[in-house]
Structure formats: structure tokens, C-alpha cells
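The values are calculated or read from the model by the stated rules, or taken from the named source; none is laboratory data. All figures in this text were calculated on a predicted structure; none of them were measured in a lab. Positions of Cβ are generated from backbone atoms using ideal geometry, with glycine treated the same way; all protein chains shown enter the neighbour counts.
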Amino acid sequence: MEAGEAIEKAMKDGNVKKIIDDGFFLASAFSSLKKGKITEWILLFFNSKTKKTIDCYVTQNINLDEEMPALKELTELNTEKIKISAEEAIETAKSKFSGSAISTLITITTKERVVISITFISAALQATIYDIDAENGEILREESANLARRA
């Protein structure tokens with residue numbers, strides 16, 4: 001399932017319409033590859049007045065979580081700027097990634113631009129992140145970090 005499809009499906013849901021009427025807006029979208037496919041999206045809605053978030057799980061159904069305090073102020077995600085698919089972003093990142101991933105995470109958010117971040121996590125707990133421009137597919141940033149804690 002593509003992000004645009006998940007967002008469109010969520011926006012038609014009565015409960016999502018209600019939280020939008022209550023002042024929430026779409027701030028980001030998150031997914032991960034399961035058996036090489038994207039089967040679920042978690043959409044994060046934010047209310048700038050209450051500083052609360054609500055997670056919306058999109059699969060065959062739409063499920064909303066409880067309101068939670070936001071960790072920081074969030075920016076509205078301009079979905080019109082998402083011109084490439086998550087699959088295209090993954091392929092772009094894979095073309096640069098030389099390792100083997102045990103997990104692939106996908107996040108769509110607003111930084112300076114709308115960005116699709118692809119994170120590959122290796123068996124050695126090395127995370128390699130590629131920020132890809134959601135409009136043109138250009139790699140904006142590549143960063144690696146070791147997630148394993150050292151004593």
C-alpha cells in the first residue's frame with residue numbers, strides 16, 4: 001500500500017474527519033517493510049493548540065489510538081509535494097546502500113522540504129538513513145549510526 005493511498009483512505013474515515021474538525025492535522029507517515037512489502041501505514045496527527053498527537057493505523061481498517069502529549073511541535077505534511085512513491089525512494093536508497101538490511105523503515109515528514117527517510121538497519125545494529133526529496137527523488141542526506149550500546 002502506498003502512502004498516498006493510505007492517507008486518502010484515512011481522510012475518508014469518519015473518526016479521522018472528526019479529529020481534523022477538532023484541530024488535528026497530518027504531520028507524518030511511517031511504515032516498515034514486512035516480507036518486502038508495505039502493508040500498514042501509521043499516520044501521525046498533531047494538534048498545535050493542545051500539543052497532542054494521535055496515531056492512525058491504516059491497514060484494511062482504520063484505527064485511532066488515544067491522544068498523547070507531543071514530544072515536540074510538528075509541521076503539517078503537505079501531501080501534494082509527495083511525487084515519488086515510497087517504493088521508488090527505497091530503490092533509490094538501495095542503490096547507494098552496500099550492506100544487508102534486517103529491517104527497512106520508511107518515514108515521510110516535513111524538514112526543510114517534504115522528505116521520505118529510508119532507514120536500513122543491519123544485523124550489527126548499524127542504521128543507515130537516506131533522506132530523499134519527496135518531489136524529485138534526490139538524495140538530500142546520508143548518515144550512519146551504530147545503535148548498539150557499548151559498555
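Quick look at the values:
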read-out: The range 55-100, subset of a type in the set (Asp, Glu) and exposed (fewer than 11 other Cβ atoms within 10 Å of the Cβ), residue nearest to ARG113 (Cα to Cα); value: GLU80
read-out: The range 56-92, subset among the small types (Gly, Ala, Ser) and under 15 Å from the mean Cα position of the chain (by Cα), residue nearest to SER31 (Cα to Cα); value: ALA86
read-out: Test: residue in the range 32-48 that is surrounded by 13 or more Cβ atoms within 10 Å (Cβ to Cβ), over 14 Å from the mean Cα position of the chain (by Cα), under 19 Å from GLY4 (Cβ atoms) and not assigned by TED's automatic domain parsing to the domain that holds ILE116; value: no
read-out: In the range 112-142, residue surrounded by the most Cβ atoms within 10 Å (Cβ to Cβ) [restricted to those that are assigned to a loop (DSSP other than H, G, I, E, B) and in contact with a Leu (Cβ under 8 Å, 6 or more places away or on another chain)]; value: ARG113
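Residue-wise test of (1) without any contact (Cβ under 8 Å) to a residue 40 or more places away in the chain; (2) closer than 30 Å to GLU76 by Cα; (3) under 16 Å from the mean Cα position of the chain (by Cα).
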| residue | (1), (2), (3) |
| --- | --- |
| LYS94 | yes, yes, no |
| GLY99 | yes, no, no |
| SER103 | no, yes, yes |
| ILE108 | no, yes, yes |
| SER117 | yes, yes, yes |
| PHE120 | yes, yes, yes |
| ALA124 | yes, no, no |
| ILE129 | yes, yes, yes |
